[in-house]
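Below: one structure, written as structure tokens.
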Amino acid sequence: MAIPELPKEYDQLDQWKTLMFLYSSALQEVQTRVNILSDEFHHINHYNPIEHVKARIKTPESIVKKLKRLGFEATIDNMYRELHDIAGVRIICSFTSDIYYLADAISRQNDVNVLMVKDYIANPKPNGYRSYHMVISVPIYLSSGQVEMKVEIQIRTIAMDFWASLEHKIHYKFEGAAPSHMRENLKECADMVALLDERMMALNESLQEAGEPEDD
Ligand code: GTP
Ligand code: MG
């Protein structure tokens, strides 16, 4: 069987549809957990740590392309075992401190396994990319059993997201070979974004210490 933990009634079903059902369930599961953490944070701190959350499932074309690139045959088994970004959630926060707050809170949940962490905030990519990446697995509770599904979580500030969107467009437009003046410009913008995030966070800390009026 392609997915080892699945109950046996799944043997008869279309495996692709089963996998997509499981990934979409995993996305729902993670989104709900993130929403609860956000509501709780607001309840305690009186500001919303999350600007918005985007969730997506990788398209079949890009699943096949990635498996090929990694040297695997496009099978259900390989999709489940080798890819960790079929289900992806991107969380856009206000401040850098909110990123670590959420990442820690998610990681501490008893039934969450953290499979991989890439902290591109502490260690930005050479092009200037900053973001916090985690791959986790969460159990999906089925009628007769449970199955562990992987979800890639990217957490960034609004400013990091603004930068990454433009960098992505430029990267795509020039097929990965943007002219050097554009790359230098992007790197300078990334440094400005890092400084902006730092100063905005410091301002927010001062605001919190001053005890803002309650807004609910
Ligand atoms: P992928 O094969 O692209 O998934 O990369 P990876 O397996 O090496 O993982 P990594 O955590 O480095 O990147 C995963 C995702 O982060 C990408 O699919 C993008 O969404 C985002 N990302 C990583 N690097 C960059 C970057 O330099 N610029 C932008 N705009 N996004 C990036
Ligand atoms: Mg990816």
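Yes/no matrix, rows are residues, columns are (1) within 13 Å of ligand 1 (Cβ to nearest atom); (2) over 15 Å from Arg33 (Cα atoms); (3) in contact with a His (Cβ under 7 Å, 6 or more places away or on another chain); (4) among the charged types (D, E, K, R):
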{"position": "Asp111", "(1), (2), (3), (4)": "no, no, no, yes"}
{"position": "Ser137", "(1), (2), (3), (4)": "no, no, no, no"}
{"position": "Leu142", "(1), (2), (3), (4)": "no, yes, no, no"}
{"position": "Thr157", "(1), (2), (3), (4)": "no, yes, no, no"}
{"position": "Ser165", "(1), (2), (3), (4)": "yes, yes, no, no"}
{"position": "Lys169", "(1), (2), (3), (4)": "yes, yes, no, yes"}
{"position": "Ala194", "(1), (2), (3), (4)": "no, yes, no, no"}
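Take the conditions at pLDDT 95 or above, loosely packed, with under 13 Cβ neighbours inside 10 Å and of a type in the set (D, E, K, R) and apply them to Lys68. Does it pass?
yes
Got at least one residue in the range 23-35 being touching a helix residue (DSSP H, G or I) at 6+ places or on another chain (Cβ under 7 Å) and more than 17 Å from Ile155 (Cβ to Cβ)?
No: zero hits.
Among the residues of the range 34-54, is there at least one that is among the hydroxyl-bearing types (Ser, Thr, Tyr) and within 16 Å of ligand 2 (Cβ to nearest atom)?
Scanning the range 34-54, I find no residue that is among the hydroxyl-bearing types (Ser, Thr, Tyr) and within 16 Å of ligand 2 (Cβ to nearest atom), so the answer is no.
What residue, among those in the range 55-64 that are part of a strand (DSSP E or B) and either of a type in the set (A, V, I, L, M) or over 18 Å from the mean Cα position of the chain (by Cα) (or both), is farthest from ligand 2 (Cβ to nearest atom)?
Ala55
Could you list, in sequence order, all residues of the range 116-157 that are β-branched (Val, Ile, Thr) and at positive phi?
none
The values are calculated or read from the model by the stated rules, or taken from the named source; none is laboratory data. On a predicted model such as this, the values are computed, not experimentally measured, just so you know. Note that each Cβ is placed from the backbone with ideal geometry, even for glycine, and that neighbours are counted across all protein chains shown.
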